Amino acid sequence: MASQRHVNVGGVQIGGGAPVAVQTMTKTETANLAATMEQIHKVAEAGADLVRVAVPRDKDIEALKTIVVESPIPVIADIHFNHTLALKAIDAGAHCIRLNPGNIGGPEKVAEVADRARAAGTPMRIGVNSGSLPKHLHALERENPVEALVSAGTEFVALMERLEFTDFKVSIKSTNVPNTIAANRLLSERIPYPLHLGITEAGTKWSGSLKSAVGLGTLLADDIGDTIRISLSTFHAEEEVKVAWEILKALKLRERGPVLIACPTCGRLQFDMDTVVADIERRLEAYADPVEVAVLGCAVNGIGEASHADFGITGAKNEGLIFSRGKALKKVPQEQLVDELFKEIDKYTATKKIEVDAHEQAAGAEWLQRIEEENAGELTPERLAKLEAERQRADDDAMEEALLRLDESASPTAGRRFTRA
Ligand code: SF4
């Protein structure tokens, strides 16, 4: 369930049913103002709602004073070990402070930061990673790492509540995906505060994206989690943002920009799908409209399962078809397929109308029908799936009928009804 409480980070609501916020962290030295601002602009353009910057030195505080003013999105200061830096970051105008109450020098120092944050109206993210649990939880961690992580989280929450500071979100993260899932499930039942989700040190773009999609996706599908960060070993923080968006879009939690669907390809493939799909994906990045674009590797099945797409392409050896919402739009030479597709998308995004030329549409439909007829006997993956679905439906109907008959014969009135008939 969505968290009961929420925080407001520089105008972005986290929790309480607000859309799941996407955040990332800059990879630059924060004191390098030009490089940090360049990266912040890139992540904001990619769709980050919030950005976090590391603040390990006084010179980072100096840069932070400018960053919070110039950044197009709210800025979270990431502080470890040094509560003085947390105080200075609040004074510098950070929109949120991230700290681990366990490594900041004791409850008195946490209290000092909480007082300053309360006075400034600055929310906090408090939390802990599996690698930095407090000492007294180490034995429990060996026995039950999930309970240890949750205990650390709830102990920090209790500390903040004792300090009468409740303007915070919480994170408990691990490099272990099942532990992260189990721990956040438990924590969401025990506390009403918003949750920040992430998999610590998830890995490279490939493996880290998958781990994050599995871990965060599982929690988000259960309505657990209010803001997410994908941690990837890349200098390009915008890649983290793109992955976060793909997860949210896949779960239909948020909408942003186009959605690309593509067939998995098989031996019937009629063009260099790898290159074409990569090219389309790259070109679609420039569009803000949530237009759905399909790429089918051959026209053997017709438009089939891609018939709901706003636009799509499918091809044969020399020619291809552009289609829209289940209908042919026009037939074009294979090598012009992608450019012509984007001409149609451009017209649509400018006018919000799909322009149809009846003559071209008829020619395209005829071409498609011919390809389908020529390959009517082919058992394609799509046709096999359709056959399977039909067989399943028939089995389900037969089972339902058999159960109904059983019910009727077991009913005390069944005999009477039968006699009357
Ligand atoms: S049969 Fe299906 S999976 Fe194979 S290339 Fe054609 S559209 Fe793609």
For helix 337-351, what angle does its Cα long axis make with the longest principal axis of the chain, in degrees from 0 to 90 and rounded to 10? 70 degrees
Nearest 0.05, what FRET efficiency do LYS65 and LYS327 give at R0 = 60 Å with Cβ-Cβ as r? 0.60
State the three equivalent ellipsoid semi-axes of region 194-299, derived from the C-alpha gyration tensor as the square roots of 5 times its eigenvalues, in descending order and whole Å. 28, 16, 14
C-alpha long axis of helix 33-46 to longest principal axis of the chain, angle in °: 30 degrees
Given the convex hull of the Cα atoms of region 112-187, what is a quarter of its surface area in nm²? 5.1 nm²
Length gained if GLU108 through ALA120 is fully extended, taking 0.36 nm per residue and subtracting the Cα-Cα distance, is 2.5 nm
Could you compute how fast region 30-169 diffuses translationally, taking Rh as the Kirkwood radius over C-alpha pairs and applying Stokes-Einstein at 37 °C with viscosity 0.692 mPa s? Give it in µm² per second. 209 µm²/s
Given springs between every Cα pair under 10 Å in a Gaussian network model of the chain, which of ASP407, ASP395, ASP339 has the largest fluctuation? ASP407
Taking only DSSP H segments of four or more residues, each worth -39500 (n - 2.57), what value at 222 nm results for the chain once the sum is divided by all its residues, to the nearest 500 deg cm²/dmol? -15500 deg cm²/dmol
Once neighbouring chains are kept in place and the probe is 1.4 Å, which whole percent of the accessible area of region 301-421 is contributed by carbon and sulfur? 52 percent
Could you check the spin-label model distance between ASP222 and ASN318? Points 7 Å from the Cα along Cα→Cβ, value in nm. 5.8 nm
Tally Lys/Arg at +1 and Asp/Glu at -1 over every other residue whose Cβ is under 14 Å from the Cβ of LYS109; what's the total? -1
Expressed as a whole percentage, what fraction of the accessible surface of region 17-80 belongs to carbon and sulfur atoms when a 1.4 Å probe is rolled over the protein heavy atoms? 52 percent
Nitroxide proxy distance, nm - points 7 Å out along Cα→Cβ at ARG268 and GLU281: 2.4 nm
On average, how much accessible surface per residue is there in region 152-264, in Å², for a 1.4 Å probe, leaving out ligands, DNA and RNA? 41 Å²
Can you list the aspartates and glutamates whose alpha carbon sits under 18 Å from that of LYS173, skipping same-chain ones fewer than 8 residues off? ASP78, GLU141, GLU143, GLU147, GLU155, GLU189, GLU201, ASP222, ASP223, ASP226, GLU240
Angle in degrees between helix 83-92 and the longest Cα principal axis of the chain, rounded to the nearest 10: 70 degrees
Taking max minus min of the Cα coordinates of the chain on each principal axis, largest first, gives extents in Å of 78, 70, 37
Mind checking which of ARG405, ARG57, ARG162 has the largest fluctuation in a GNM of the chain, springs on alpha carbons under 10 Å? ARG405
Per-pair calculated FRET efficiency, R0 = 56 Å: ASP91 and VAL356 via Cβ, rounded to 0.05: 0.40
Rounded to the nearest whole number, the per residue volume of the convex hull around the C-alpha atoms of region 132-275 in Å³ is 152 Å³
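The values are calculated or read from the model by the stated rules, or taken from the named source; none is laboratory data. As the structure is a prediction and not an experimental result, all values here were calculated from the model. With ideal geometry, Cβ positions are generated from the backbone for all residues, glycine too; neighbour counts draw on all protein chains shown. These accessible areas exclude ligands, DNA and RNA; they are computed on the full protein's heavy atoms, side chains included. Shrake-Rupley method; radii C 1.70, N 1.55, O 1.52, S 1.80 Å.
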